[in-house]
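Participant: Below is one structure. I have some questions about it.
The values are calculated or read from the model by the stated rules, or taken from the named source; none is laboratory data. A quick note: this is a predicted structure, and the numbers were derived from the prediction, not measured. Note that each Cβ is placed from the backbone with ideal geometry, even for glycine, and that neighbours are counted across all protein chains shown.
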2 protein chains.
Amino acid sequence: MRGPRFTDIVAALPPTVPFVGPEQMERDRGAPFVARLGANESVFGPSPLASRAMQAADAEIWKYGDSTSFDLRHALAEDLGIGADNIVLGAGIDGLLESTVRLMVGPGDQVVTSDGAYPTFNFHVAGHGGTLHRVPYRDDHEDTEALLAKARAVGAKLIYLANPDNPMGSWLSAAQVEAMIAALPAGCVLVLDEAYVEFAPEDSVPAFDVTDPAVLRFRTFSKAHGMAGARVGYAIGQADVIAAYEKVRNHFGMNRSAQAGALAALQDRAWLARVQRDVATARDRIAAIARDNGLRPLASATNFVAVDCGADGGFARRVLTGLLAQGVFVRMPFVAPEDRCIRISAGTPEMLDAFAAALPEALAVARRG
Amino acid sequence: MRGPRFTDIVAALPPTVPFVGPEQMERDRGAPFVARLGANESVFGPSPLASRAMQAADAEIWKYGDSTSFDLRHALAEDLGIGADNIVLGAGIDGLLESTVRLMVGPGDQVVTSDGAYPTFNFHVAGHGGTLHRVPYRDDHEDTEALLAKARAVGAKLIYLANPDNPMGSWLSAAQVEAMIAALPAGCVLVLDEAYVEFAPEDSVPAFDVTDPAVLRFRTFSKAHGMAGARVGYAIGQADVIAAYEKVRNHFGMNRSAQAGALAALQDRAWLARVQRDVATARDRIAAIARDNGLRPLASATNFVAVDCGADGGFARRVLTGLLAQGVFVRMPFVAPEDRCIRISAGTPEMLDAFAAALPEALAVARRG
């Protein structure tokens, strides 16, 4: 037979993708969205310092980026009070999750996550032939005890936990996460996704212990720093574990201007504080809009709010469809009972005006069934 | 044991990286290079249209990039006279080589390349547990017959061929490549790296046959388009084979501004023609400098020139070290007999002045041994 012989893992994979992006949805509907509130991007944009740094770096875009991201790694290390050898950069948390799975997971290996948690992580586990075990949320929070129990039962190599959580916006206390870390089974690594950490209460963020080889933490410039399109994420862990990424990563894979932008973004604490305030204001507004329509907003430690539509997943999906039909892009959780909610990202006042205007009609249509 | 359980493949990998980048070399030497002529970047930079497009797109960097790279894929398809479903974008050819290897290679799988060809490809083959077989160059050209014979002998899933070749700058005719394609064994895919194709004679470029599942061609905006730091490469192949990348790739991994820049670069044929002229002029200058110093420049269809230093690898390495000591960054082939050469990228007149000024001293030191 002429042509490729795919690996057994690849041959068995379905042709599914983790997400259909908003641009594709716009092409499918034949019109742009009026409010882009579905991808938890930061509509408030990056720091002007970051923008200027990217523009300046564009003049040297003919050069490959620094393959070790030396300056950015050292700035992050200083910022976090850890070593530069405790940090590896990657093309967003997505890219680093792929590398992490690749380092540890193959056929016959077990991985645990929450049912309805991050699909891209699941995509990579399947993509490397791992077996994924899901435990339910408990009261809209990830359930650390259930995750641990399942990990013990199946001998998991990885547990995925997002704190704060996406898609629910809920959070665990630092003490809860630390208790989970203390109870990790032998040979099990906690993949702690902290994409939204800049929006979270301080007492939800465990202190760094970079002597612990069992914890990998993932952070990003895509959310609070407003640079989702730049693709800059980082993983934090024990130095020997971080060194292992050198064996598999795309060494010259980081965009040069993106690195410069991230470095500048780190310096602009005032901008970050402003985004945090704007996001808090937007969350309050989303909550008020929800309540005005008889819906219940869930508490959020992120840049989005999950809104309980008060019925089942079918109803929430009709609300979502009604919003999309009016050009308001939002998403929703994937599984019951969390799929009774829709998830709205913190928008500009104008975007939230559009959401407020569209919601009553979407609800009316949904109620007609 | 607390901590990760790496896969057997990863546990067995050495901690080597494919390349030490120029920024790291500059940090190691404690001074910037005066001439950056070692990474085959395009010192002539991107089209001004591409620069403007990137700057404009930076204003929307808070948005994730289009995960399907729809506009860029369609523009490339139109340009090449193929379908958009024959193209997949990735973070440079490097990222796409990784995905390609991952799709087809695991433990027990055989891969063939030339001894001294692209180390990053070899890195990914090792990284996925494949077994790499190397055949020698023949007269400084990749040897298609030897590659085919080895592939038949070992039952290879992949053959890597760069045309034009890096690091030698040599090229094969389209007829030679087409003959190789016609003779591919069953179940063997040709990984045809065309990173330098824009610098090559037309009669070295085979026509596209996107009905053939046995050929994957790789191109990039890093070389002629002057956007190495942006990380935009693409693979071209039969639609079903290209569709397989959806199963493994980092769907939201492409920088948004980079996509916009690449799209604009494609429109600027005048700039491309100018870069091609500037590169040709630079190649002539490098050749003249080589001859002025009693060295033999090899013919090149790329944006660099391999210069035969007239002795063995040890001698060429001393020349290279002597150039680096004077702030002139160049590289050299890795294996004998090609390692009798050093490889100099097409530079600006000022950079080549620096090379011309440094070479006599580097040669004198090398001759002292």
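Participant: State yes or no: is B:Glu98 charged (D, E, K, R) and part of a loop (DSSP other than H, G, I, E, B)?
Facilitator: Numbers: charged (D, E, K, R): yes; part of a loop (DSSP other than H, G, I, E, B): no.
In short, no.
Participant: Still on this structure, I have one more. Within the group A:Phe44, A:Phe33, which residue is among the hydrophobic types (A, V, I, L, M, F, W, C), over 22 Å from B:Ala239 (Cβ atoms), under 20 Å from the mean Cα position of the chain (by Cα) and assigned to a loop (DSSP other than H, G, I, E, B)? I'd like the intermediate steps shown before the answer.
Facilitator: Details: A:Phe33 fails: under 20 Å from the mean Cα position of the chain (by Cα).
Within the list A:Phe44, A:Phe33, the selection yields A:Phe44.
Participant: Just to be sure I understand, how many residues within the range B:125-173 are in a helix (DSSP H, G or I) and out of contact with any strand residue (DSSP E or B) (no Cβ under 9 Å at 6 or more places or on another chain)? Spell out how you get there, then give the answer.
Facilitator: Filtering the range B:125-173 down to residues in a helix (DSSP H, G or I) leaves B:125-127, B:144-154.
Those still in the list that are out of contact with any strand residue (DSSP E or B) (no Cβ under 9 Å at 6 or more places or on another chain) too: B:127, B:152.
Here the count works out to 2.
Participant: Also: Please enumerate the residues belonging to the range A:210-223 that are under 30 Å from A:Pro185 (Cα atoms) and either facing chain B (nearest Cβ under 9 Å) or crowded, with 21+ Cβ neighbours inside 10 Å (or both). Quick ask: steps written out before the conclusion?
Facilitator: First pass over the range A:210-223, keeping only residues under 30 Å from A:Pro185 (Cα atoms): A:210-220.
Result: A:Val210, A:Asp212, A:Pro213, A:Ala214, A:Val215, A:Leu216, A:Arg217, A:Phe218, A:Arg219, A:Thr220.
Participant: Would you mind finding the one in B:Ala91, B:Ala31 that is closer than 27 Å to B:Phe304 by Cα and surrounded by fewer than 20 Cβ atoms within 10 Å (Cβ to Cβ)?
Facilitator: Numbers: B:Ala91 fails: surrounded by fewer than 20 Cβ atoms within 10 Å (Cβ to Cβ).
Result of the check over B:Ala91, B:Ala31: B:Ala31.
Participant: How many residues are within 18 Å of A:Ala288 (Cα to Cα) and either among the β-branched types (Val, Ile, Thr) or in contact with a Ser or Thr (Cβ under 8 Å, 6 or more places away or on another chain) (or both) if we restrict to the range A:301-345?
Facilitator: Adding up the residues that qualify gives 12.
Participant: Please give the number of the condition B:Arg27 fails out of (1) facing another protein chain (nearest Cβ under 8 Å); (2) closer than 19 Å to B:Val330 by Cα; (3) touching a residue at least 40 places away in the same chain (Cβ under 8 Å).
Facilitator: It fails just one condition, (3).
Participant: Test A:Ala183 against the stated conditions and say whether it is more than 14 Å from chain B (Cβ to nearest Cβ), surrounded by fewer than 24 Cβ atoms within 10 Å (Cβ to Cβ) and free of Cβ contacts under 8 Å to residues at least 60 places away in the same chain. Show your work before the answer.
Facilitator: Numbers: more than 14 Å from chain B (Cβ to nearest Cβ): no; surrounded by fewer than 24 Cβ atoms within 10 Å (Cβ to Cβ): yes; free of Cβ contacts under 8 Å to residues at least 60 places away in the same chain: yes.
In short, no.
Participant: Among the numbered criteria (1) facing chain A (nearest Cβ under 10 Å); (2) at pLDDT 95 or above, which single criterion is violated by B:Ala59?
Facilitator: Of everything listed in (1) facing chain A (nearest Cβ under 10 Å); (2) at pLDDT 95 or above, B:Ala59 misses just condition (2).
Participant: Here's another thing I want to ask about it. When you check A:Gly226 against the structure, is it assigned to a loop (DSSP other than H, G, I, E, B), surrounded by fewer than 21 Cβ atoms within 10 Å (Cβ to Cβ) and facing chain B (nearest Cβ under 7 Å), yes or no?
Facilitator: Details: assigned to a loop (DSSP other than H, G, I, E, B): yes; surrounded by fewer than 21 Cβ atoms within 10 Å (Cβ to Cβ): no; facing chain B (nearest Cβ under 7 Å): yes.
So A:Gly226 fails the test.
Participant: Would you check if there is a residue in the range A:131-142 being crowded, with 22+ Cβ neighbours inside 10 Å, under 30 Å from A:Ala287 (Cβ atoms) and either within 14 Å of chain B (Cβ to nearest Cβ) or among the polar types (S, T, N, Q) (or both)?
Facilitator: no
Participant: Return only the number of the condition from (1) within 30 Å of B:Val279 (Cα to Cα); (2) touching a residue at least 60 places away in the same chain (Cβ under 8 Å); (3) not in a strand (DSSP E or B) that B:Asp203 does not satisfy.
Facilitator: Here B:Asp203 clears every test but (2).
Participant: Please specify each residue of the range B:53-85 satisfying the condition of being of a type in the set (A, V, I, L, M), without any contact (Cβ under 8 Å) to a residue 12 or more places away in the chain and not in a helix (DSSP H, G or I).
Facilitator: Matches in the range B:53-85: B:Ala59 only.
Participant: Quick one: B:Arg231 ticks every box in (1) among the basic types (Lys, Arg); (2) touching a strand residue (DSSP E or B) at 6+ places or on another chain (Cβ under 7 Å); (3) facing chain A (nearest Cβ under 7 Å) bar one, so which box is it?
Facilitator: (2)
Participant: Quick check on this structure: which one of B:Gln238, B:Gln176 is more than 19 Å from B:Leu103 (Cα to Cα) and either within 12 Å of another protein chain (Cβ to nearest Cβ) or in contact (Cβ under 8 Å) with a residue 24 or more places away in the chain (or both)? Walk me through how you get there before you give the answer.
Facilitator: Details: B:Gln238 fails: more than 19 Å from B:Leu103 (Cα to Cα).
Of the residues listed, the single one that is more than 19 Å from B:Leu103 (Cα to Cα) and either within 12 Å of another protein chain (Cβ to nearest Cβ) or in contact (Cβ under 8 Å) with a residue 24 or more places away in the chain (or both) is B:Gln176.
Participant: I'm trying to understand the selection: among the residues of the range A:274-310, which are aliphatic (A, V, I, L, M), crowded, with 23+ Cβ neighbours inside 10 Å and over 18 Å from the mean Cα position of the chain (by Cα)?
Facilitator: Filtering the range A:274-310 down to residues aliphatic (A, V, I, L, M) leaves A:275, A:279-280, A:282, A:286-290, A:295, A:298-299, A:301, A:305-307.
Imposing the further condition that a residue be crowded, with 23+ Cβ neighbours inside 10 Å reduces the set to A:275, A:279, A:282, A:286, A:290, A:305-307.
Within the range A:274-310, A:Ala282, A:Ile286, A:Ala290, A:Val307 meet the criteria.
Participant: Right, here's the next one. Here is a list: A:Ala39, A:Ala50. Which entry is more than 7 Å from every other protein chain (Cβ to nearest Cβ) and either on the phi < 0 side of the Ramachandran plot or outside any helix (DSSP H, G or I) (or both)?
Facilitator: Details: A:Ala39 fails: more than 7 Å from every other protein chain (Cβ to nearest Cβ).
Just a single option satisfies the conditions, and that option is A:Ala50.
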